[in-house]
Amino acid sequence: MKNSVKRLLALATASAMLVGSLSACGGSSDSGTDDTTSGGSSASSESGDSSVSGAVAVSTVNMDDSADAIEDLVLYETTAREVESLNVLYSQSATDFYVSTNLQDGLLTNDEYGNLKANLAESWEHNDDSTVWTFYLRQDAYWVDSNGDAQAQITAEDFVTGLEWVLNAYKNEASNTSMPIEMIAGASEYYEMTAAMTEEEALALTNEDFMEVVGISTPDEFTVEYTLLASKTYFDTVATYACLYPAPTALLEQLTEESDVATAVETFRSCTYTNMWYSGPYILTYFVSKSEKVFEPNLYWWGNDEYTRFNSVTVKMVDDMDVAFTLYESGDIDQVTLSESNLTIIYNNESNQWYDYLTEQQPTKYSYQFHLCYNKNTEDGEPDTNWNTAVANENFRLALYYGLDLTNYYKRTNAINPLKCENNFYTMSGLIYTSDGTDYTTLVKDLLGLGDYNGESMVRLDTTLAEQYKEAAMEELSALGVTFPVEIDYYIASGSSTAQDSADVLADAISDGLGDDFVVLNIKTYVSSLSTEVRTPKLASIYTNGWGADYGDPQNYLGQETFGNDNAYYSVYYSCINDFYGEDGEEPYSEELIATYEEYTALVEAADAIVDDLDARYAAYAEAEAYLLEHALVIPCNYSISWQLTCVNDYSKINAMYGIQNNRYLNWETNANGYTTADYEAFAAAYATGNTSEAE
């Protein structure tokens, strides 16, 4: 946003504010980062000579032709959400995908309603029983280097290279393996085969070796075919996710020639913005960790004539949303999500310069939970026996499940409509529907016997039940030597006042709901990386983390919590349930907990085996999800529905409930003057009718 424009807005009266028009056109979790800086000069906006035959750089970038459209967009992120990996195949973090989705292309993408669209694949089809899926690639897509120079044409071989990378245990270290393993023929066998090999043996395998085991083939240079273990009618939704992204075969060959295969693998896995190859709409031309990153258009991108882009997108890193608000007021950024305090100040004063510019964001695709760690350590590396014994007790968990009034916690996200943020499910509303149009989460709600949302109080809250479970837990756990209050270690990013305030509100909710004689929240901090400083040493008792579907099926949510599965993300990295037996064959803290997890896992596996009747499949998954929540193995927390000040029309963005496409800076409508509440009401109304061109 132009500084002068915002300063003028600060002087404008509400009556002078104009409703903008909408032109016709074509939604996490906190994570830290290593405190490293990427150097290197910014790439020129003009590409140099290319040795790739047929590759032609486009000299201009299409922009929205509105007079008030922003050409150089400036956004922000908090430092707690800095990128940890630029390798789209290696990461499973939304904070990484927000960046890499603009740098790399997958087979398919989505439109603003979530409908599937062509991307690197121009078209796709499947056989009669949906066990073989064929994707026909475009022939005008290229890999470019950090200078924007075309290096190689993207072909079907790159998709073989990408999937082999994912499934080779010594290359991708199990990241993004769960989907291919549960869907693609031979994928599990290949992963287990490489895991059993020596590193040298696994890295020596070729794409030809890979295709002899795994159900992927290349009928020609621009066709890639996947053979599945069973019918998967939703497999095309997987084609928007990182596990099926291509890898630049030519780059890996080049790196191997320059060193050795092991060094080449490490270089590619830990790629920087200066040594990686790009296939997406933008190139990262500047990146200083915890400071700033700059995206500029990839002039060789195939979609230059099909999509509008910005001349540049700059993302500034800030400590918290209060800093971001100051930057928005000064005209230095073009959107800000409002903290509770800033929103309240503006909302309660009609004379405030920003009052008529308050807009409620669309819900993000993330369902947030309290994830419990069942095998926690103390800071000296020893098992935290008191916590581990307590959390293994079902009555203890159910007291937390029923006893927390999170209304004030929700106000941290949405102070105007806090209970809109209430979440009572593990999966995300709006992801899938039964044949009669029923949202899948309604099936779960009915099984749990939950009431309907009323906007006045939490649906799940039951203080009487919570007190009963608390009394039972204290009696049972005292007999096992547990001391009270049980301490809950909860980590936030150091230096973030927003995170500190939210944690304080959560601590109050725990204290008010359950009593300081039962549990107490210890708020602790990490410096730069939640993953390395907290998650790996297993120091946290609970995490607040959100999951957004990678594809359109409940398995992607519920499979992440299954027991004994090395590829189940939450079981491995958060609950640590797979380590619950302890070391050297030690007895688990609770046989009952293991039995509960085993039953839940059996229910998930039974649901996944139903492939010929989607209604029956969804009903079986709903039974598994209800079981997960009835036993409070995880505790649903919130949806993210915030308020903002913005120069970006969110309804013009990609909005899918799965995949990693939503943050692509494509076809975004903008207005340097900022959008008003009235603008957004018109956008929302037009969006609901499916005709955005009517919002004027």
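The values are calculated or read from the model by the stated rules, or taken from the named source; none is laboratory data. Because the structure is a prediction, the values reported are computed rather than measured. Backbone-built Cβ (ideal geometry, glycine too); neighbour counts: all protein chains shown. Quick note on the areas: whole protein, heavy atoms, side chains included, nothing else; ligands and nucleic acids left out. Shrake-Rupley method; radii C 1.70, N 1.55, O 1.52, S 1.80 Å.
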- Answer yes or no: is there a residue in the stretch 117-125 that is assigned to a helix (DSSP H, G or I) and within 26 Å of the chain's Cα centre (by Cα). no
- Message: Please go through (1) acidic (D, E); (2) within 21 Å of D72 (Cβ to Cβ); (3) under 28 Å from the mean Cα position of the chain (by Cα) for E340 and return the number of the only condition it doesn't satisfy.
- Response: (2)
- Exactly one of (1) farther than 16 Å from L645 by Cβ; (2) touching a helix residue (DSSP H, G or I) at 6+ places or on another chain (Cβ under 8 Å); (3) open to solvent by 10 Å² or more (accessible area, probe 1.4 Å); (4) not acidic (D, E) is unmet by W302. Its number? (2)
- Query: With the stretch 216-317 as the region, which strands (runs of 3 or more DSSP E) entirely inside it contain at least 3 residues that are among the aliphatic types (A, V, I, L, M)?
  - Reply: 282-288
- Task: Would you check if there is a residue in the stretch 564-571 being of a type in the set (D, E) and out of contact with any helix residue (DSSP H, G or I) (no Cβ under 9 Å at 6 or more places or on another chain)?
- Result: no
- Task: Considering only the stretch 445-464, state which residues are of a type in the set (K, R) and either assigned to a loop (DSSP other than H, G, I, E, B) or in contact with a Ser or Thr (Cβ under 7 Å, 6 or more places away or on another chain) (or both).
- Result: R460
- Task: Could you check Y665 against (1) assigned to a loop (DSSP other than H, G, I, E, B); (2) open to solvent by 30 Å² or more (accessible area, probe 1.4 Å) and say which number it fails?
- Result: (2)
- Item | Subset tally (residues that are open to solvent by 20 Å² or more (accessible area, probe 1.4 Å), assigned to a loop (DSSP other than H, G, I, E, B) and in contact with a strand residue (DSSP E or B) (Cβ under 7 Å, 6 or more places away or on another chain)) for the stretch 330-360 | 1
- What helices (runs of 4 or more DSSP H), lying completely within the stretch 548-648, carry at least 3 residues that are hydrophobic (A, V, I, L, M, F, W, C) and more than 23 Å from S175 (Cα to Cα)? 591-608, 614-630
- Note on the structure: Scanning the stretch 660-685 residue by residue, those in contact with a strand residue (DSSP E or B) (Cβ under 9 Å, 6 or more places away or on another chain) and at positive phi turn out to be G674
- Task: Please enumerate the residues belonging to the stretch 152-170 that are open to solvent by 10 Å² or more (accessible area, probe 1.4 Å), farther than 16 Å from Y278 by Cβ and not hydroxyl-bearing (S, T, Y).
- Result: E157, A169
- Task: Can you work out which of the residues in the stretch 394-437 that are among the hydroxyl-bearing types (S, T, Y) and open to solvent by less than 40 Å² (accessible area, probe 1.4 Å) is nearest to A549 (Cα to Cα)?
- Result: T427
- Note on the structure: A careful count of residues in the stretch 504-543 that are assigned to a strand (DSSP E or B) and surrounded by 19 or more Cβ atoms within 10 Å (Cβ to Cβ) gives 5
